[in-house]
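S.K.: My questions will all concern the structure given below.
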Amino acid sequence: MRVSRPVRGRGAAHDERRGAILEAVFAIIDTEGTHQVSIRRVAEQAGVSVGRVQHYFPSKDDLLTAAFTAINDLGTARVQARLSDSTQPAEALLTELIPVTSEDRRLFRVAQAFETHALTNPSLSEQLRQGYDELIGLLTVLVGPAAKELLAMALGLANLTLTGNLTPEEARAIVRSGIEKHGAHPRS
């Protein structure tokens, strides 16, 4: 008589372990930067073996690429959730870029670190460019030709909130003022 063994592979536990490893990457990047990410450091941070990390991510490059994609997917999901609940989609999108909570600030710092890392990695750089192209395209539909200027303004304001030069409320008020100044109202 054969005893059936559980099938290995994808499932809730797989996704949970993979997510915990990616969260360890985010924690290291948030406190120490991308240059401190290694398979060993991630394993220590996640409380798993090096072999477990390598099971999911065979190399450091695979690990960083997956974490880069995950942080971008998280940002996209947050923006989409905000847009679906808003009657002012341009304002919702641009103000979502301004970090308010400690978790927002952490995610923004991690995303910024990844953007810097991506600039020296051709495949990640292309992914970053495409992501911004999509965001600019969406903003163009919402606000017209002022899309790039408003996006640049919101991203700069987000950085100023991280450094403490502006409060999130001040930054969001500036975004709203910029939208009004450009007459960037939803298009019909």
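S.K.: Are there any pairs with C-beta distances below 6 angstrom linking a residue in region 24-37 that is under 16 Å from Val48 (Cα atoms) to a residue that is small (Gly, Ala, Ser), with the two at least 6 apart or on different chains, and if so which?
M.R.: Short answer, once both residue conditions are applied: Ala24/Ala46; Val25/Ala67.
S.K.: Still on this model: Between Leu160, Leu166, which is under 27 Å from Ala70 (Cβ atoms) and hydrophobic (A, V, I, L, M, F, W, C)?
M.R.: Among Leu160, Leu166, only Leu160 is under 27 Å from Ala70 (Cβ atoms) and hydrophobic (A, V, I, L, M, F, W, C).
S.K.: Among the numbered criteria (1) modelled with pLDDT of 95 or more; (2) over 20 Å from Leu107 (Cβ atoms), which single criterion is violated by Leu160?
M.R.: Just one mismatch for Leu160, condition (2).
S.K.: Does at least one position in region 55-67 carry a residue that is in contact with a Gly (Cβ under 8 Å, 6 or more places away or on another chain) and either surrounded by 17 or more Cβ atoms within 10 Å (Cβ to Cβ) or aliphatic (A, V, I, L, M) (or both)?
M.R.: no
S.K.: Within the set of pairs 6+ apart or on separate chains, which have a first residue in region 159-183 that is without any contact (Cβ under 8 Å) to a residue 12 or more places away in the chain and farther than 17 Å from Glu149 by Cβ, a second that is surrounded by 13 or more Cβ atoms within 10 Å (Cβ to Cβ) and among the aliphatic types (A, V, I, L, M), and C-beta atoms under 6 Å apart?
M.R.: Hits for this filter: Leu166/Leu160.
S.K.: List pairs: first in region 92-103 and without any contact (Cβ under 8 Å) to a residue 12 or more places away in the chain and over 18 Å from Ala152 (Cα atoms), second among the aromatic types (Phe, Trp, Tyr) and part of a loop (DSSP other than H, G, I, E, B), Cβ under 8 Å, 6+ apart or cross-chain?
M.R.: The qualifying pairs do not exist here.
The values are calculated or read from the model by the stated rules, or taken from the named source; none is laboratory data. Just so you know, these numbers come straight off a predicted model, no measurement behind them. For neighbour counting, all protein chains shown are included, and Cβ atoms are generated from backbone atoms with ideal geometry for every residue, glycine included.
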